[in-house]
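Below is one structure, written out as structure tokens; the observations come after it.
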Amino acid sequence: MTTTVRPPTRTPPRSGAGKPARSGSKQRWRRDNLAGYLFLAPQLIGLLVFMLGPLVFAVVLSVSHWDGFGARSWAGLSNFSTVLHDPQLRTSAKNTIWYTVLSVPGTMLSAFVVAYLLQKVKRKSFYRTFYFAPVVTSTVAVAAIWLWLFNPEIGPLNALLRQVGLPAPDWLQDARFVIPAFALVGIWQGLGYQIVMMMAGLENVPRTLLEAADIDGASEWQKMRRITIPLLSPTILFLSVTSVIGSFQIFDYIYVFMGANAPASSRTVVYEIYQKAFVEFDFGLGSAIAVFLFAALLALTGLQLLAQKRWVHYTE
Amino acid sequence: MTTSELDHLEAPTTARPRHQAERPRLRWTRVLLHLFLLAGAVAMALPFAWMVLSSFKPLEEIFIQPPKLLPKVWHPENYRSALEAADFVRGFANSLYIAVIVVVVSVFTAAMAAYAFARIRFTGRGPLFMVFLATLMVPVQLTVIPLYVILGRLNWIDTHLALIVPASLFNAFGVFLLRQYVRGIPIELEEAAAIDGAGRARIFLTIILPLLRTPMVALGIFTFLGQWNSFFYPLIFLNSDSKFTLPLVVNQFKGTYSSDWTGLMAAATLAAAPLLIVFIIAQRQIVEGIALSGSKT
């Protein structure tokens with residue numbers, strides 16, 4: 001009888017015949033606990049050993065002096081005070097913020113425009129191939145390509161600028177241009193992901209709403225402003241939270257473009273963490289910078305989540 | 001009666017003229033639309049075109065001003081010298097096997113954890129899940145220094161275990177993503193199997209896993225991309241050339257042959273090509289997988 005339940009009928013009422021549930025709730029509780037933790041075991045071990053343990057250790061390191069080999073000594077808040085007073089670190093923090101200010105809105109705006117227009121054409125996947133290709137390319141390969149594109153003498157970018165009569169800067173060596181150059185590469189590489197996410201969000205905008213607006217004589221601009229953007233706002237929030245986090249962690253480009261001991265004007269916060277911890281072997285200072293980075297990310301994410309009440313529209 | 005009234009409301013008087021008026025304008029906007037999108041696509045493709053075409057140029061051609069996209073003389077020898085100068089094949093093999101192990105193990109163990117969180121009532125389930133979620137906020141740079149110390153104690157520095165084990169055993173994003181999907185599976189399926197006497201393990205393997213195929217493939221693609229292109233961890237955890245992953249090999253080549261531009265482009269092509277080819281073949285799967293990974297968060 002019970003073996004014939006295969007077709008999705010809801011016939012068998014829960015008679016409790018097959019379950020030993022009534023035999024004792026305590027026994028069941030014990031069994032559920034065992035099963036739960038067994039299924040969880042691999043990821044739980046990972047959580048403890050590779051996440052929570054290091055997290056606690058990072059806080060300890062941030063109040064220590066340690067080069068990773070000798071004895072660890074108490075440092076109090078001196079690492080944090082160094083972070084706050086070191087002019088080089090302040091420059092790196094400014095660079096990171098400047099990179100974020102340029103790349104996040106730049107990527108999101110262009111992604112929105114492209115996704116919005118792609119919605120209206122038939123050959124979506126043809127275009128998508130081009131826009132998405134940089135996403136699957138490793139940052140190292142991307143940086144290698146752009147290293148040449150940016151070359152002031154023989155690079156094609158400056159050749160183009162000279163032909164149009166624009167100034168041709170030394171992109172990676174000029175302190176004014178190096179962060180915008182990183183941002184340009186960041187936008188180029190990050191665009192495709194955001195386009196795909198926004199297109200997925202746009203597909204959820206009900207056609208009927210747009211058609212109703214058509215019948216009421218709404219212009220394209222009004223439809224976008226009053227229907228599409230509000231309905232896309234959860235996606236926009238998600239992308240802005242994740243891309244701010246991502247851009248604050250920018251490292252690969254700088255390392256591949258500039259190598260070790262990069263000039264001050266091109267360093268970012270994560271570059272400093274790498275430099276302090278793994279080049280100069282000052283684990284305490286490196287950890288203190290990382291703690292600041294974490295705090296900044298928490299604050300920025302918190303702010304965006306607080307601000308969402310003003311503009312994010314949830315349908316459910 | 002009412003239907004005929006409705007027919008009158010939708011009568012051609014209002015609907016049709018507008019459509020006719022819009023036709024010619026639409027064609028123009030359509031052309032403009034495609035032109036704009038094409039221009040964008042070209043801008044995206046140009047760096048790749050530059051990379052591939054330059055990799056076939058003889059070195060002296062790079063000084064030609066203004067630069068030309070196409071090589072005058074095709075010079076595939078760049079690839080031979082790049083392959084001789086750095087071990088791309090080994091880097092490729094290292095990257096591939098590390099990424100595959102991480103994908104398989106982390107997706108499977110994440111599915112196990114997701115099943116526990118979604119279906120088993122154990123003590124501490126709620127708080128523990130919150131802990132998993134909260135770790136998504138922690139930047140890798142905060143834990144990388146202690147992780148380096150721990151891996152050093154385990155004698156795993158400069159071994160692939162340093163890259164494989166942590167990533168395989170901890171995938172909070174995957175746990176979160178898959179839990180959402182397990183919760184969407186009708187519980188009746190499991191109840192029926194339980195009545196048939198199936199235990200948790202069998203329910204998980206025969207019912208849950210097959211139904212999780214789509215999100216698991218999506219998570220797998222997402223994880224693979226992250227592993228394959230990862231640079232920060234390998235840079236810190238690996239020292240010897242023979243252990244290097246593909247991005248490290250390219251970076252090393254860049255550092256050693258800094259003026260060999262055509263060689264560097266051959267190197268970048270070698271690094272980028274495998275995934276680009278896979279992407280062009282399986283575009284829909286990959287794009288949908290990425291979109292799905294993001295949409296549930």
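The values are calculated or read from the model by the stated rules, or taken from the named source; none is laboratory data. All values derive from a computational prediction rather than experimental measurement. No Cβ is skipped: glycine too gets one built from the backbone with ideal geometry, and neighbour counts run over all protein chains shown. Protein only, heavy atoms only, side chains kept; ligands, DNA and RNA dropped before computing areas. Shrake-Rupley method; radii C 1.70, N 1.55, O 1.52, S 1.80 Å.
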So, first residue at the interface with chain A (Cβ under 7 Å from one of its Cβ atoms) in segment B:182-204, second residue part of a helix (DSSP H, G or I) and surrounded by fewer than 16 Cβ atoms within 10 Å (Cβ to Cβ), Cβ within less than 8 Å, six or more apart or across chains; the pairs are B:195/A:2; B:196/A:2; B:196/A:3
Residues that are in contact with an Asp or Glu (Cβ under 8 Å, 6 or more places away or on another chain) and open to solvent by less than 40 Å² (accessible area, probe 1.4 Å): does segment B:69-80 have at least one? yes
Looking at (1) assigned to a helix (DSSP H, G or I); (2) within 19 Å of the chain's Cα centre (by Cα); (3) of a type outside the set (Ser, Thr, Tyr), find the lone condition where residue A:214 falls short. (2)
Among the residues of segment B:127-162, the number that are open to solvent by 20 Å² or more (accessible area, probe 1.4 Å) and under 17 Å from residue B:104 (Cα atoms) is 2
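For segment B:74-168, which helices (runs of 4 or more DSSP H) that fit wholly inside it have 1 or more residues that are away from every other protein chain (no Cβ under 12 Å)? Reasoning before the result, please.
Numbers: elements: B:77-85, B:88-119, B:125-135, B:140-153.
Filter on segment B:74-168 gives B:77-85, B:88-119, B:125-135.
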Could you grab me the full set of residues in segment A:114-142 that are at the interface with chain B (Cβ under 7 Å from one of its Cβ atoms), open to solvent by 30 Å² or more (accessible area, probe 1.4 Å) and over 21 Å from the mean Cα position of the chain (by Cα)? A:117, A:120, A:125, A:129, A:130
In the set B:85, B:99, the lone residue that is surrounded by 11 or more Cβ atoms within 10 Å (Cβ to Cβ), within 30 Å of residue B:162 (Cβ to Cβ), at pLDDT below 90 and under 30 Å from the mean Cα position of the chain (by Cα) is B:85
Verdict on residue B:152 being over 18 Å from residue A:68 (Cβ atoms) and over 24 Å from the mean Cα position of the chain (by Cα): no
Criterion: of a type in the set (Gly, Ala, Ser), within 22 Å of residue B:167 (Cβ to Cβ), surrounded by fewer than 20 Cβ atoms within 10 Å (Cβ to Cβ) and free of Cβ contacts under 8 Å to residues at least 12 places away in the same chain - qualifying residue of B:255, B:226: B:226
Answer yes or no as to whether residue B:282 is open to solvent by 20 Å² or more (accessible area, probe 1.4 Å), farther than 19 Å from residue A:191 by Cα and within 19 Å of the chain's Cα centre (by Cα). yes
